[in-house]
1. Going by amide H atoms built from the backbone, whose H comes under 5 Å of the H on residue 90, apart from near neighbours?
2. Report, by chain and number, residues whose modeled amide H sits under 5 Å from the one on residue 54, excluding near sequence neighbours (fewer than 5 apart, same chain).
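Every number in this text was worked out from the coordinates using simple rules, so none of it is lab data. Keep in mind it's a predicted model, so treat the numbers as computed, not measured.
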Amino acid sequence: RSVQPYTCVMTTAHSRPPISLGLGGDGDEVDAILNVEQQFDVQLDYSDAQYWTTVGDVFASLQKALPPEQARRDDIWTAFAEAISCETGVDPSQVVPETLLLAKGGFDWRALIILASMIGLALVFIGR
């Protein structure tokens, strides 16, 4: 599988990496994960979601979901950063593995697991 270009409007690059993507509380965190899954045509393992605190944590889950030869490609990080940052408008070229996912106030990732389960069930019923 090839990495598809991801089109998104981004903010201007800053001199320092962002502290946070600014996700949390308004549904953008779910959209960000769905963007990643759609970009790479995979489903992430949500059993690890409660431990996702940084962009690097989600990237590690993505690498587990990808075929080994694709996970090692040089362009994977760039495409991933574009997909996960699209919802917030953070410049993906500035996103580093240590960039926090959540804005102040945080988000309970268990809600993402529940939502993902509901989406999965809906897709099963739609497919029938």
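1. Close amide H contacts, sequence-distant or interchain: 11.
2. 101
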